[in-house]
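Q: Before I ask anything, here is the structure I am working with.
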Amino acid sequence: MTKVLYPGSFDPITKGHMNIIEQASNLFDEVVVAILNNPNKKNSFFTPEERFEMIKELYDRMNNVRIVIGSGAAVDVALMYECKAIVRGLRSLSDYDYEVQLQQINKDISNNQVNTICLFADKEYQFISSTIVKEVLGLGKDISNYVDPSIKDKILVKRSKNEQRI
Ligand code: ADP
């Protein structure tokens, strides 16, 4: 049985992430989607627990997609869940440079136990990122093309809660 780990912030999960999960779930026996804290992204929109609930609901009916909240290094989370490889999604050349570095580090720190597999989102999803979704939302524009309808609803509820707090 080949299990892979798909780590990320998923703040929020987009149609780009979903496209990568769909491809990975067709290629491998099980995909473990791990919500990890990215130290470079300080101000999160959703808490890890909220992200967990949202993503779990999306994949409730898919029995080879498992959602977890992880902490620490992605390679340690991969080993904990017996995943042989980490899946990363590539969007652009700028992603590529970073991912080349990351895969080498991940091989090193896992003593060659965890490999990296890069997948490409279908072209209509390649430009989407969680950051872009939040920017479009901030401009007061529609985000329906970038996120699943259930995720859009939760984003709008969260935004109105945030506004009430100000
Ligand atoms: P991170 O904080 O690790 O960058 P993200 O949630 O932004 O987490 O992304 C998780 C993974 O999904 C990364 O490998 C990222 O490149 C990939 N990804 C995100 N959006 C897309 C997309 N539209 N197409 C392909 N890959 C994507």
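Q: Can you find a residue in region 51-60 that is of a type in the set (Lys, Arg), in a helix (DSSP H, G or I) and modelled with pLDDT of 95 or more?
A: Yes, region 51-60 contains a residue that is of a type in the set (Lys, Arg), in a helix (DSSP H, G or I) and modelled with pLDDT of 95 or more.
Q: Restricting to region 29-70, give me the number of residues that are open to solvent by 40 Å² or more (accessible area, probe 1.4 Å) and in contact with a helix residue (DSSP H, G or I) (Cβ under 8 Å, 6 or more places away or on another chain).
A: 7
Conditions (1) at pLDDT 95 or above; (2) under 15 Å from residue 74 (Cα atoms); (3) of a type in the set (A, V, I, L, M), marked per residue:
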residue	(1), (2), (3)
96	no, no, no
104	yes, yes, no
117	yes, yes, yes
139	yes, no, yes
146	yes, no, no
149	yes, no, no
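Q: Could you check, for region 29-52, whether at least one of its residues is over 30 Å from residue 160 (Cβ atoms) and more than 14 Å from the ligand (Cβ to nearest atom)?
A: Looking through region 29-52, at least one residue is over 30 Å from residue 160 (Cβ atoms) and more than 14 Å from the ligand (Cβ to nearest atom).
Q: For region 1-17, enumerate the residues that are near the ligand (Cβ under 9 Å from one of its atoms) and either of a type in the set (A, V, I, L, M, F, W, C) or in contact with a strand residue (DSSP E or B) (Cβ under 8 Å, 6 or more places away or on another chain) (or both).
A: Within region 1-17, 6, 7, 8, 9, 10, 13, 16, 17 meet the criteria.
Q: Hey, any hits in region 81-89 for a residue that's on the phi > 0 side of the Ramachandran plot, away from the ligand (no atom under 15 Å from the Cβ) and in a loop (DSSP other than H, G, I, E, B)?
A: Yes, region 81-89 contains a residue that is on the phi > 0 side of the Ramachandran plot, away from the ligand (no atom under 15 Å from the Cβ) and in a loop (DSSP other than H, G, I, E, B).
Q: Does residue 110 count as free of Cβ contacts under 8 Å to residues at least 24 places away in the same chain and hydroxyl-bearing (Ser, Thr, Tyr)?
A: no
Q: Can you say whether residue 33 is in contact with a His (Cβ under 9 Å, 6 or more places away or on another chain) and among the hydrophobic types (A, V, I, L, M, F, W, C), as far as the supplied structure shows?
A: yes
Q: In the list 25, 94, which residue meets the criterion of being closer than 18 Å to residue 118 by Cα and open to solvent by 20 Å² or more (accessible area, probe 1.4 Å)?
A: So the residue among 25, 94 that is closer than 18 Å to residue 118 by Cα and open to solvent by 20 Å² or more (accessible area, probe 1.4 Å) is 94.
Q: Next question. Look through region 101-124, keep the residues that are open to solvent by 60 Å² or more (accessible area, probe 1.4 Å) and in a helix (DSSP H, G or I), and return whichever of them is farthest from the ligand (Cβ to nearest atom).
A: Among them, the one singled out is 108.
Q: Take the residues of region 129-161 that are in contact with a Leu (Cβ under 8 Å, 6 or more places away or on another chain) and over 10 Å from residue 14 (Cβ atoms): which is least open to solvent (accessible area, probe 1.4 Å)?
A: 155
The values are calculated or read from the model by the stated rules, or taken from the named source; none is laboratory data. Everything numeric here is computed off the predicted structure, so don't read it as measured data. Neighbour counts run over all protein chains shown; Cβ positions are idealised from the backbone, glycine included. What goes into the accessible areas is simple: the full protein's heavy atoms, side chains included, and nothing from ligands, DNA or RNA. Shrake-Rupley method; radii C 1.70, N 1.55, O 1.52, S 1.80 Å.
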